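Remarks on the structure that follows.
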Amino acid sequence: MGLELYLDLLSSPCRAVYIFAKTNSIPFEYKEVTLMKGEQLSEDFGKVNPLKKIPALKDGDFTMSESVAILLYLAEKYKLSDHWYPANLEKRAKINEFLLWHVNVVRPLMVKDFWLKVMAPTLLGRTAPAERLEAVAQEFSTVLDQFEKTFLQGKTYISGEEISVADVLSLCDLIQATCTGQNIFEERPKMAAWRRNVESHIGMELINEAQKVVLNAGSYSKDSMDSKGVEWLTARARLLLS
């Protein structure tokens, strides 16, 4: 059996895995797991990932989850160009440092923003309090300052002059935040230049293909969702606004 990737391109971690695999011409079978229908909660998918989260990977009898782990597995298994995940200890350590910072700081903030602005109004029929939205905007400003000053520092890419897994992962999350109105690139020329560099390397055709679903996320309605999906999504939205 060949490589199977279980994805929903509404999810930015899934988009990162998809874009990375496509960019590097890694052959895989795309397995759609629709979050809005709660398909990740099914018994069948639980056999692939007992944690019932996507993205997930199945390679023969081997299975795993977590986007960062999947990206690194693909880079090493397929012996991709060294710049994606360098063999040099210090370069690899700096990429690991960024990846851990990103998934612990940037991604939770991006997810909170998306749920407050898109999912909560869709599922609960009310907007988040203005003070909650303003607090998220302030958090974004702080985090983006850290991104620019600590990690990017005017370089072409996060790890230097060559693209790495860190750039793919981060761009997917940050583009999603622009879909909810966050000012990520307009007033930050270093961030804007970094985005152009990454998009130029990957190609806009692939990026637009992967981003199409999330760009239409604002058009979702409860009526278009599976009842099981609505149940667990609504519970999460209520928890966020409580």
If every Lys and Arg gets +1 and every Asp and Glu gets -1 at its Cβ, then about the Cα centre the chain yields a dipole, in debye to the nearest 20, of 320
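By average Cβ neighbour count within 10 Å, what is the ranking of 125-133, 56-64 from highest down?
So the order, starting with the most tightly packed, is 56-64, 125-133.
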Roll a 1.4 Å probe over the protein heavy atoms and report the accessible area of TRP101 in Å², nearest 10. 40
List the lysines whose Cα lies under 26 Å from the Cα of LYS22, skipping any in the same chain that are fewer than 8 positions away. LYS31, LYS37, LYS47, LYS52, LYS53, LYS58, LYS77, LYS79, LYS91, LYS94, LYS155, LYS212
Put +1 on the Cβ of every Lys and Arg and -1 on every Asp and Glu Cβ in the chain; which of LEU51, THR122, ASN104 then has its Cα farthest towards the positive end of the dipole? THR122
Apportionment of accessible area to carbon and sulfur, the chain, percent (1.4 Å): 51
Using a 1.4 Å probe on heavy atoms of the protein chains only, the accessible area for ILE158 in Å², nearest 10, reads 10
As a percent rounded to 5, the proportion of antiparallel DSSP bridges among beta bridges in the chain is 70
For the range 27-68, what class follows from the C-alpha gyration tensor (a ≥ b ≥ c being the square roots of its eigenvalues): rounded when a/c is under 1.5, otherwise prolate if a/b is larger than b/c, else oblate? prolate
Classify the chain: rounded, prolate or oblate, from the alpha-carbon gyration tensor (a ≥ b ≥ c, eigenvalue square roots; a/c under 1.5 rounded; otherwise prolate if a/b is larger than b/c)? oblate
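The values are calculated or read from the model by the stated rules, or taken from the named source; none is laboratory data. Everything numeric here is computed off the predicted structure, so don't read it as measured data. Cβ atoms come from the backbone with ideal geometry, glycine included; neighbour counts cover every protein chain shown. Just the protein is used for accessible areas: all its heavy atoms, side chains included, with ligands, DNA and RNA removed. Shrake-Rupley method; radii C 1.70, N 1.55, O 1.52, S 1.80 Å.
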